[in-house]
Amino acid sequence: MNEDELKIAAAESAVALVTDGMVVGLGTGSTSTFAVNAIGRRVREGLRIVGVPTSERTAAQARDLGIAVATLAEQPSIDMTIDGADQVEEGSLNLIKGYGGALLREKIVASASKRLVIIVHESKLANRLITDAPIPVEVVRFGWQATVRHLEKLRAQPAMRKGSDGQPFVTDGGNHILDCKFEPGTAAGRLAEALDHVVGVVEHGLFIGMTSEVHVASAQGVRVMR
């Protein structure tokens, strides 16, 4: 199976949990796209749900597929969110998210959800969360250079994310993203708490203690980690 087939398998496994009348958080990213497609197919077959998108591009995809879309103001309590992850720590199910640039809205929607269901292929699993992979950190544009200096005091190596035009990437919330490398083996929980207190940081891609279950696709099938 190629990577897309694995993503589809994980997505279909999670979407099978969606039932009539649910409010469903719709994730962002290449894997989540397959989940939204699967929900759209079920809506065409008669499923009635309301989707709360985590990005403007997911909202556009959902509308194109005929999925009813609402905001958190309209639907403040979400039954289940289905989203992807860039890395999943086995055992704790803590996550790194945000490589797709929607980490702030993803975390807001996840925190409003009764269940956060993550879909990945097996290459996203890791024994420890903090490795050589950078942690996305969303920062306000004003004075971002000062925020860099604060992050460096946490022994981060921040790099400004660039868009396809070579300019600094701008999120749906109008912020920048600094991709920050930390020393491998750093405790994710303590790092998340430290990042929460950095002035200028809007949000970070460490999702600690939020995951309900992970649907992991491999050539052998889909297994569910809880």
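Tabulated values for the structure
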{"item": "Cross-chain or 6+ apart pairs with Cβ under 8 Å, the stretch 172-196 first and under 18 Å from residue 92 (Cβ atoms), then acidic (Asp, Glu)", "result": "184/132; 188/89"}
{"item": "Qualifying residue in the stretch 122-141 (condition: hydroxyl-bearing (Ser, Thr, Tyr), in contact (Cβ under 8 Å) with a residue 24 or more places away in the chain, surrounded by 15 or more Cβ atoms within 10 Å (Cβ to Cβ) and closer than 27 Å to residue 23 by Cβ)", "result": "no"}
{"item": "Selected residue [touching a residue at least 12 places away in the same chain (Cβ under 8 Å) and either crowded, with 24+ Cβ neighbours inside 10 Å or under 10 Å from the mean Cα position of the chain (by Cα) (or both)] from 56, 89, 106", "result": "106"}
{"item": "Residues within the stretch 180-205 that are in a helix (DSSP H, G or I) and in contact with a Lys or Arg (Cβ under 9 Å, 6 or more places away or on another chain), tallied", "result": "1"}
{"item": "Positions within the stretch 99-130 being within 24 Å of residue 77 (Cα to Cα) and of a type in the set (A, V, I, L, M, F, W, C), in sequence order", "result": "102, 103, 104, 108, 109, 110, 112, 116, 117, 118, 119"}
{"item": "Flag if residue 214 is more than 20 Å from the chain's Cα centre (by Cα), at pLDDT 95 or above and crowded, with 16+ Cβ neighbours inside 10 Å", "result": "no"}
{"item": "Which listed residue is more than 19 Å from the chain's Cα centre (by Cα), among the hydrophobic types (A, V, I, L, M, F, W, C), surrounded by 20 or more Cβ atoms within 10 Å (Cβ to Cβ) and modelled with pLDDT of 95 or more, from 39, 49, 67", "result": "67"}
{"item": "Qualifying positions in the stretch 122-142 - in contact with a Ser or Thr (Cβ under 8 Å, 6 or more places away or on another chain) and either at pLDDT 95 or above or of a type in the set (Gly, Ala, Ser) (or both)", "result": "122, 138, 139, 140"}
{"item": "Residues satisfying the stated conditions in the stretch 132-179, i.e. in contact with a strand residue (DSSP E or B) (Cβ under 8 Å, 6 or more places away or on another chain), outside any helix (DSSP H, G or I) and of a type in the set (S, T, N, Q)", "result": "157, 171, 175"}
{"item": "Residue 163 vs. criteria closer than 27 Å to residue 57 by Cα and either outside the structural domain of residue 102 (by TED's automatic domain parsing) or aliphatic (A, V, I, L, M) (or both)", "result": "yes"}
{"item": "One residue from 66, 84 being among the small types (Gly, Ala, Ser) and farther than 22 Å from residue 114 by Cα", "result": "66"}
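The values are calculated or read from the model by the stated rules, or taken from the named source; none is laboratory data. Note that the structure is predicted; figures quoted are calculated from it, not measured. Cβ: placed from backbone, ideal geometry, glycine included. Neighbour counts: every protein chain shown.
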